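Presented below is the structure to which this report refers.
The values are calculated or read from the model by the stated rules, or taken from the named source; none is laboratory data. Please read all numbers here as calculations on a predicted model, not as lab measurements. Please note: Cβ atoms are built from the backbone with ideal geometry, for glycine as well, and neighbour counts cover all protein chains shown. Ligands, DNA and RNA are excluded from the accessible area calculation, which covers all protein heavy atoms including side chains. Shrake-Rupley method; radii C 1.70, N 1.55, O 1.52, S 1.80 Å.
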Amino acid sequence: MQIQCTKKLLNELKFEADERIERDSIFDWHANVFKIGRRKAIVLLNDLSRYSILLYGVKADDLRRLSEAIPAAISEVLEAEGIDPSVIDEYIRSAGEVTFTNTKSRKMVSAMTQRVRELEMIVDDFSGDEKVKVDISKHWSRFLTGDGQGSYIIPKNVMIEELEKFASQPIFSSDAYEVKVSLTLGDHTAWRRLVVKGDTTFSEFNDIIQSAFNWESSHLYEFVIEGKEIEYGSESMAEPLSSRLEGVSEFQYIYDFGDFWEHHVEVERKIEGYAKQHATCIDGEHPAPPEDVGGIPGYSEFLRIINDNNDPDHMHMKSWSRWWKPEFDINWVNRKLERMT
């Protein structure tokens, strides 16, 4: 694994650079040392994907162990992305011994500096004792950045593509649940059949349902499982679905306690070896109501007006509901779900 260091970082490491191999490889990273806030940080930037990893609060002992710390940090962040541990192990093994070389171009050094500027704009709090900032690194690599060739990329997406090429197999493998989420709306039901990873938290599952039904996350919500409430803001929202769904065949998700949209969730089956990083919608029917329409009675009146061009309130209602989608579009839903990872 070739770590191409700036002169500043090599000075910190206090040793001579190894000979650099000229290549563009998924195994090659650039590294620099920065002050972020009042603490020293090392930034890793993958040559091919621009995927970025932050080691924060770095001290002299960490620098002495950097040849061990870097592969461990890469492994930790990729595992948090949900990538199969066997693929990560093979990646680290194939990358070989860590070598520290000079940087190959000013362009890459500039890219690291720009990435740090971006990081300081999107992250307010770097606190915490952990050296490897896993969540920050993941969040960071989901923002558009230049690829050095005049185009823009999302580093997370490119990193996944390159790892799939390297592994020649799906790089995600996890348990998942196939669930049918149904919302009864008077004389019909809007429903979505979703595949959701077992390690999805209840808070994340709320976001998935919001996207699937085109809700806007404007109101409070809760889950009710076997008579027990998991309320918005509670610690239980951070629990994974797998911690509560063993042996459970159905439960409720309630959104907006004013309009009171009660969704019935059926756990249809458990899936082993789910090969995607994100939830997917595999079927569905009918749109959900627009926000703040007034519950089922209000939605019935809304539909009457919106479908009657001659109604005096038609144009007003059409303008008020301009973000409402009158048809269920599974491709649009899945694009939203994919962007959530």
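The number of residues in segment 91-109 being open to solvent by 10 Å² or more (accessible area, probe 1.4 Å) and either over 18 Å from LEU48 (Cα atoms) or part of a strand (DSSP E or B) (or both) comes to 5. Among residues belonging to segment 288-307 that are touching a helix residue (DSSP H, G or I) at 6+ places or on another chain (Cβ under 7 Å) and assigned to a helix (DSSP H, G or I), point out the one that is nearest to HIS219 (Cα to Cα). The residue in question is PHE302. Of the numbered criteria (1) within 27 Å of ILE209 (Cα to Cα); (2) part of a helix (DSSP H, G or I); (3) in contact (Cβ under 8 Å) with a residue 40 or more places away in the chain, the one MET112 fails is (1).
Listed by first and then second residue, the pairs linking a residue in segment 206-226 that is more than 12 Å from TRP261 (Cβ to Cβ) and crowded, with 22+ Cβ neighbours inside 10 Å to a residue that is modelled with pLDDT of 95 or more and aromatic (Phe, Trp, Tyr), with Cβ atoms under 7 Å apart and 6 or more places separating them unless they lie on different chains, are PHE223/PHE202; PHE223/PHE251; PHE223/TYR253. In segment 234-287, what residues are in contact (Cβ under 8 Å) with a residue 60 or more places away in the chain, within 13 Å of GLU222 (Cβ to Cβ) and either open to solvent by less than 40 Å² (accessible area, probe 1.4 Å) or aromatic (Phe, Trp, Tyr) (or both)? Of everything in segment 234-287, those that are in contact (Cβ under 8 Å) with a residue 60 or more places away in the chain, within 13 Å of GLU222 (Cβ to Cβ) and either open to solvent by less than 40 Å² (accessible area, probe 1.4 Å) or aromatic (Phe, Trp, Tyr) (or both) turn out to be TYR253, TRP261, HIS263, VAL265.
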